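S.K.: To start, I am sharing the structure in question, which I have written as structure tokens.
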Amino acid sequence: MNIEMQLKGKLIAAVKELYNQEINENQAQVQITRKDLTGDFTIVVFPLLKVSKKSPEDTAKDIGEYIKNNDPTVASFNVVKGFLNIELATDYWLNLINEIAGKEKHGYVAADENSPLTMIEYSSPNTNKPLHLGHIRNNLLGYSVSRIAAANGNKVVKTNIVNDRGIHICKSMLAWKKWGEGVTPESAGKKGDHLVGDFYVKFDKEYKAEINTIIKEKISEYPAIKDTEDFKATFAALKNKKKTKEGLNDEENEQFKACEELSKYAENNAPLILEAREMLLKWEAKDPEVYADWKMMNQWVYTGFDVTYKKLGVDFDKIYYESETYTEGRDMVLQGVEKGLFKRREDGSVWADLSDQGLDQKLLLRKDGTSVYMTQDIGTAKLRFDDFDIDNMVYVVGNEQDYHFQVLALLLDKLGFKWGKDLVHFSYGMVELPQGKMKSREGTVVDADDLVDEMVKTAREMSKELGKLDGYSLEEAEKVYKMIALGALKYFILKVDPRKNMTFNPEESIDFNGNTGPFIQYTHARIQSIFRKAAEKGIEVAETAPTNIEIGEKENNLIRTIANFPNVVAEAGKTFSPAIIANFVYDLAKEYNQFYHDCPILFEEDEKKRMMRLVLCKTVGKTIKNAMWLLGIDVPEKM
């Protein structure tokens with residue numbers, strides 16, 4: 001039983017003894033005492049006033065006296081208005097730190113054969129471009145959430161769905177066919193995902209040129225459009241004005257509709273997009289030439305992705321491919337039509353009517369029979385359910401897809417998946433750079449490989465400047481540079497509430513001071529250096545600390561912080577928030593550094609106190625390592 005539950009039990013017993021009344025656990029409120037107050041745990045007495053029929057202060061004093069007299073772990077108490085602050089005995093904290101010191105995985109709950117199986121999907125890249133900064137946030141969040149879920153006693157399957165088919169893939173393929181001249185990653189000296197991404201950008205450039213040509217040719221057929229010289233600026237100005245309170249007048253509204261109609265006509269009739277759609281139909285018909293090119297170019301991308309995943313230190317237990325799941329989804333949709341779950345329209349397209357759920361009509365199959373993303377997700381769900389007996393399904397996907405997953409949950413429930421309605425869309429915010437948003441089609445994204453390489457370079461330069469790794473061999477130093485770089489990148493991204501948009505600043509992330517990964521890594525390395533120095537002095541660190549000694553405020557704060565780690569892990573698991581872990585480990589590192597500066601360790605003359613502090617250091621180091629592991633971050637022994 002943990003101390004909070006123990007105190008709740010004493011509180012319930014106190015109310016029964018003092019006031020002859022029964023209260024439940026919800027009425028027994030016990031929380032960690034605020035740092036500006038004296039005490040370890042606080043009991044809120046306001047909900048008990050109807051029972052005690054006394055003032056808050058008198059109620060708190062009554063209960064405080066009862067608990068102090070009936071619980072040997074309680075040393076003293078104080079009352080501040082309606083709050084009863086309990087201070088625990090020194091022996092309790094020392095016994096607790098000894099108990100924690102004996103555990104390798106303090107804070108973790110081990111899975112067993114009866115544990116629920118949680119599948120977590122993350123990454124979900126398209127094979128028409130390399131991974132970028134947005135993918136980095138997705139991968140780091142997904143990987144961390146999978147570790148947090150495992151630490152909360154779940155069996156976990158980490159999975160990825162690769163979007164390797166569709167019109168976007170055909171755009172890269174078509175551009176390579178038209179302008180590639182047979183180039184390969186080997187002949188270009190370039191990673192395959194980068195090469196394919198270049199052709200995606202090339203397609204978009206040529207496609208836009210065709211759209212502009214069509215608009216110039218057709219604009220005279222739209223008399224409502226006044227400014228025929230600069231269509232783009234006119235259309236943009238009308239779009240912006242439409243969003244304002246002022247809105248558009250009748251003439252401007254007519255002009256806006258004409259601009260919109262012309263723009264859509266040009267986008268849908270540009271020769272390149274028509275060719276790309278034709279290529280998609282050929283692919284779905286398994287045209288030998290198109291299929292061979294698709295397999296070749298996708299393999300280039302997969303090889304490139306594997307390099308990036310390895311750099312980021314993330315992996316998967318099972319990878320699904322949209323090219324293998326969309327037919328499953330299509331078949332399930334067609335079965336749904338037969339069962340009356342979905343409707344086929346006159347043009348041949350298939351739709352789901354979700355109006356009775358407060359939503360709208362959702363397209364599942366186009367009129368030409370080709371699949372949409374929703375169809376693919378239905379097929380993937382079916383295959384996953386065949387492969388694993390899933391209890392919980394978590395999709396790590398950005399918040400721009402909130403509506404998609406709201407619909408998916410309803411469709412899967414209609415189709416009979418037991419976890420469908422309760423699927424979790426771990427919806428996270430976008431990540432930007434100080435200079436603004438990124439756009440894949442325009443080639444303005446921050447490439448994941450380039451970012452990691454730049455972070456390693458920065459870590460190397462800063463470490464050399466600060467003399468952090470003097471005396472290391474080149475191989476040792478390079479390993480630590482990479483550890484620092486990835487720690488900086490991962491921590492900076494994961495410390496932010498995942499629901500919020502964030503701006504990633506590489507320079508801020510790699511600082512060795514403040515709320516950063518390198519600061520926490522350095523704290524761990526500092527702790528390990530104490531043990532090396534202890535060994536040099538012939539001091540052997542005991543497994544447990546002596547208990548019959550006094551501890552100071554700094555030690556007490558550290559032990560209290562460490563003791564709360566299981567609650568932090570549990571809360572991070574409930575809320576799918578690595579940020580809770582990140583903030584905890586930063587607070588722990590700060591607490592430790594204050595202790596380190598204020599309390600002598602190896603130079604402490606009292607042998608018992610010295611040993612207690614060494615055991616405390618060991619436990620802090622282990623807790624930092626365990627917390628950072630949940631974030632996918634390694635910590636160095638030396639730094």
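The values are calculated or read from the model by the stated rules, or taken from the named source; none is laboratory data. Please read these numbers as outputs of a predicted model, since none were measured by experiment. Every residue, glycine as well, gets a Cβ built from its backbone with ideal geometry; the counts of neighbours run over all protein chains shown. Just the protein is used for accessible areas: all its heavy atoms, side chains included, with ligands, DNA and RNA removed. Shrake-Rupley method; radii C 1.70, N 1.55, O 1.52, S 1.80 Å.
S.K.: If you check 86, 100, 169, which single one turns out to be of a type in the set (Val, Ile, Thr), in a strand (DSSP E or B) and open to solvent by less than 30 Å² (accessible area, probe 1.4 Å)?
M.R.: Step by step, each of 86, 100, 169 is checked, and only 86 is of a type in the set (Val, Ile, Thr), in a strand (DSSP E or B) and open to solvent by less than 30 Å² (accessible area, probe 1.4 Å).
S.K.: Here is a further query. Being more than 25 Å from residue 422 (Cβ to Cβ), without any contact (Cβ under 8 Å) to a residue 60 or more places away in the chain and among the small types (Gly, Ala, Ser) is the requirement here; does residue 150 meet it? Full working, then the answer.
M.R.: Numbers: more than 25 Å from residue 422 (Cβ to Cβ): no; without any contact (Cβ under 8 Å) to a residue 60 or more places away in the chain: yes; among the small types (Gly, Ala, Ser): yes.
No: the conditions fail for residue 150.
S.K.: State all residues of the stretch 208-225 that are closer than 16 Å to residue 266 by Cβ and open to solvent by 30 Å² or more (accessible area, probe 1.4 Å); if no residue qualifies, say none.
M.R.: 208, 209, 210, 212, 213, 216, 217, 218, 220, 221, 222 - these are the residues of the stretch 208-225 that are closer than 16 Å to residue 266 by Cβ and open to solvent by 30 Å² or more (accessible area, probe 1.4 Å).
S.K.: Scan the stretch 293-349 for residues that are without any contact (Cβ under 8 Å) to a residue 40 or more places away in the chain and surrounded by fewer than 14 Cβ atoms within 10 Å (Cβ to Cβ) and jot them down.
M.R.: Those that are without any contact (Cβ under 8 Å) to a residue 40 or more places away in the chain and surrounded by fewer than 14 Cβ atoms within 10 Å (Cβ to Cβ): 295, 296, 306, 310, 335, 338, 339, 340, 345, 346, 347, 348.
S.K.: While we're looking at this one, here's another question. Where residues in the stretch 410-425 are open to solvent by less than 10 Å² (accessible area, probe 1.4 Å) and hydrophobic (A, V, I, L, M, F, W, C), which of them is farthest from residue 113 (Cα to Cα)?
M.R.: Within the stretch 410-425, the first condition is being open to solvent by less than 10 Å² (accessible area, probe 1.4 Å), and the residues that meet it are 411-412, 419-420.
This time we only want the ones that are hydrophobic (A, V, I, L, M, F, W, C), so: 411-412, 419.
On the way: 411: 30, 412: 27, 419: 19 Å.
Only one residue fits best here, namely 411.
S.K.: Quick check on the stretch 103-144: of everything there that is part of a loop (DSSP other than H, G, I, E, B) and among the aliphatic types (A, V, I, L, M), which residue is nearest to the chain's Cα centre (by Cα)? Write out each step before concluding.
M.R.: Initially, the stretch 103-144 is screened for residues part of a loop (DSSP other than H, G, I, E, B), giving 103-108, 110-116, 122-125, 127-131.
Going one step further and asking which of them are among the aliphatic types (A, V, I, L, M), we end up with 110-111, 131.
Working: 110: 22, 111: 22, 131: 16 Å.
Among those residues, the one meeting the criterion is 131.
Conditions tested, residue by residue: (1) in contact with a Gly (Cβ under 7 Å, 6 or more places away or on another chain); (2) at positive phi.
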residue: 466; (1), (2): no, no
residue: 469; (1), (2): no, no
residue: 483; (1), (2): no, no
residue: 490; (1), (2): yes, no
residue: 505; (1), (2): no, no
residue: 528; (1), (2): yes, no
residue: 538; (1), (2): no, yes
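S.K.: On to the next question. For residue 121, indicate whether it is among the acidic types (Asp, Glu), closer than 30 Å to residue 425 by Cβ and out of contact with any strand residue (DSSP E or B) (no Cβ under 7 Å at 6 or more places or on another chain). Steps first, please.
M.R.: Numbers: among the acidic types (Asp, Glu): yes; closer than 30 Å to residue 425 by Cβ: yes; out of contact with any strand residue (DSSP E or B) (no Cβ under 7 Å at 6 or more places or on another chain): no.
Criteria not met by residue 121.
S.K.: Of everything in the stretch 253-279, what is touching a Ser or Thr at 6+ places or on another chain (Cβ under 9 Å), part of a helix (DSSP H, G or I) and of a type in the set (Gly, Ala, Ser)? Give them in sequence order.
M.R.: Selection gives 266 alone.
Quick grid of which residues meet (1) out of contact with any Pro (no Cβ under 9 Å at 6 or more places or on another chain); (2) under 19 Å from residue 588 (Cβ atoms); (3) loosely packed, with under 13 Cβ neighbours inside 10 Å:
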residue	(1), (2), (3)
467	yes, no, yes
477	yes, no, no
480	no, no, no
502	yes, no, no
509	no, no, no
514	yes, yes, yes
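S.K.: Does residue 290 count as modelled with pLDDT of 95 or more, outside any loop (DSSP other than H, G, I, E, B) and touching a Ser or Thr at 6+ places or on another chain (Cβ under 6 Å)? First the steps, then the outcome.
M.R.: Numbers: modelled with pLDDT of 95 or more: yes; outside any loop (DSSP other than H, G, I, E, B): yes; touching a Ser or Thr at 6+ places or on another chain (Cβ under 6 Å): no.
For residue 290, the condition - modelled with pLDDT of 95 or more, outside any loop (DSSP other than H, G, I, E, B) and touching a Ser or Thr at 6+ places or on another chain (Cβ under 6 Å) - is not met.
S.K.: Mind telling me which of the residues 275, 284 ends up being in contact with a helix residue (DSSP H, G or I) (Cβ under 8 Å, 6 or more places away or on another chain), farther than 30 Å from residue 137 by Cβ and not basic (Lys, Arg)?
M.R.: Working: 284 fails: in contact with a helix residue (DSSP H, G or I) (Cβ under 8 Å, 6 or more places away or on another chain).
After ruling out the rest, the residue left standing is 275.
S.K.: Could I ask something else about it? I need the strands (runs of 3 or more DSSP E) fully contained in the stretch 343-418, keeping only those with at least 3 residues that are more than 21 Å from residue 168 (Cβ to Cβ) and within 25 Å of the chain's Cα centre (by Cα).
M.R.: Values: elements: 350-353, 361-365, 392-398.
Ranges flagged: 392-398.
S.K.: Here's another thing I want to ask about it. Could you run through the stretch 532-549 and say how many residues are open to solvent by 40 Å² or more (accessible area, probe 1.4 Å) and not in a loop (DSSP other than H, G, I, E, B)?
M.R.: The total comes to 4.
S.K.: Restricting attention to the stretch 13-37, and to residues there that are surrounded by 14 or more Cβ atoms within 10 Å (Cβ to Cβ) and under 39 Å from the mean Cα position of the chain (by Cα), which single residue is nearest to residue 567 (Cα to Cα)?
M.R.: Checked the stretch 13-37; the qualifying residue nearest to residue 567 (Cα to Cα) is 32.
S.K.: Report yes if residue 596 is crowded, with 21+ Cβ neighbours inside 10 Å and more than 30 Å from residue 395 (Cβ to Cβ), otherwise no.
M.R.: Values: crowded, with 21+ Cβ neighbours inside 10 Å: no; more than 30 Å from residue 395 (Cβ to Cβ): yes.
The answer is no for residue 596.
S.K.: Looking at residue 202, is it under 20 Å from residue 266 (Cβ atoms) and open to solvent by 50 Å² or more (accessible area, probe 1.4 Å)? Write out each step before concluding.
M.R.: Details: under 20 Å from residue 266 (Cβ atoms): yes; open to solvent by 50 Å² or more (accessible area, probe 1.4 Å): yes.
Judged against the criteria, residue 202 is a match.
S.K.: So, one more: Identify, by number, the condition in (1) open to solvent by less than 10 Å² (accessible area, probe 1.4 Å); (2) in a helix (DSSP H, G or I) that residue 177 doesn't meet.
M.R.: Result: residue 177 fails condition (1) only.
S.K.: Can you tell me which of (1) in contact with a Lys or Arg (Cβ under 8 Å, 6 or more places away or on another chain); (2) open to solvent by 10 Å² or more (accessible area, probe 1.4 Å); (3) within 19 Å of residue 284 (Cβ to Cβ) is the one residue 366 doesn't meet?
M.R.: (1)
S.K.: Can I ask one more? What's the total number of residues in the stretch 599-639 that are open to solvent by 10 Å² or more (accessible area, probe 1.4 Å) and among the hydroxyl-bearing types (Ser, Thr, Tyr)?
M.R.: So the answer is 0.
S.K.: Consider the stretch 103-125. How many of its residues are without any contact (Cβ under 8 Å) to a residue 60 or more places away in the chain and open to solvent by less than 30 Å² (accessible area, probe 1.4 Å)?
M.R.: 1
S.K.: So, one more: Output the residue which, of all residues in the stretch 575-593 that are open to solvent by 60 Å² or more (accessible area, probe 1.4 Å) and over 17 Å from the mean Cα position of the chain (by Cα), is farthest from residue 560 (Cα to Cα). Please lay out each step first, then the result.
M.R.: Let us first name the residues in the stretch 575-593 that are open to solvent by 60 Å² or more (accessible area, probe 1.4 Å), namely 575, 583, 587, 590.
Filter again for over 17 Å from the mean Cα position of the chain (by Cα), leaving 587, 590.
Details: 587: 12, 590: 14 Å.
Per the criteria, the residue is 590.
S.K.: Pairs please, first residue from the stretch 202-231 and touching a residue at least 24 places away in the same chain (Cβ under 8 Å) and on the phi < 0 side of the Ramachandran plot, second anywhere and small (Gly, Ala, Ser) and part of a loop (DSSP other than H, G, I, E, B), Cβ atoms under 6 Å, 6+ apart in sequence or on different chains.
M.R.: Listed pairs, sorted by first residue: 207/270; 210/270; 211/270.
S.K.: Does the stretch 550-565 include one or more residues that are touching a residue at least 40 places away in the same chain (Cβ under 8 Å), surrounded by fewer than 16 Cβ atoms within 10 Å (Cβ to Cβ) and outside any helix (DSSP H, G or I)?
M.R.: Scanning the stretch 550-565, I find at least one residue that is touching a residue at least 40 places away in the same chain (Cβ under 8 Å), surrounded by fewer than 16 Cβ atoms within 10 Å (Cβ to Cβ) and outside any helix (DSSP H, G or I), so the answer is yes.
S.K.: Sticking with this one: Residue under question is residue 150, and the condition is that it be assigned to a helix (DSSP H, G or I), open to solvent by 30 Å² or more (accessible area, probe 1.4 Å), at pLDDT 95 or above and of a type in the set (A, V, I, L, M, F, W, C); does it hold? It would help to see each step written out before you state the result.
M.R.: Working: assigned to a helix (DSSP H, G or I): yes; open to solvent by 30 Å² or more (accessible area, probe 1.4 Å): yes; at pLDDT 95 or above: yes; of a type in the set (A, V, I, L, M, F, W, C): yes.
Yes.
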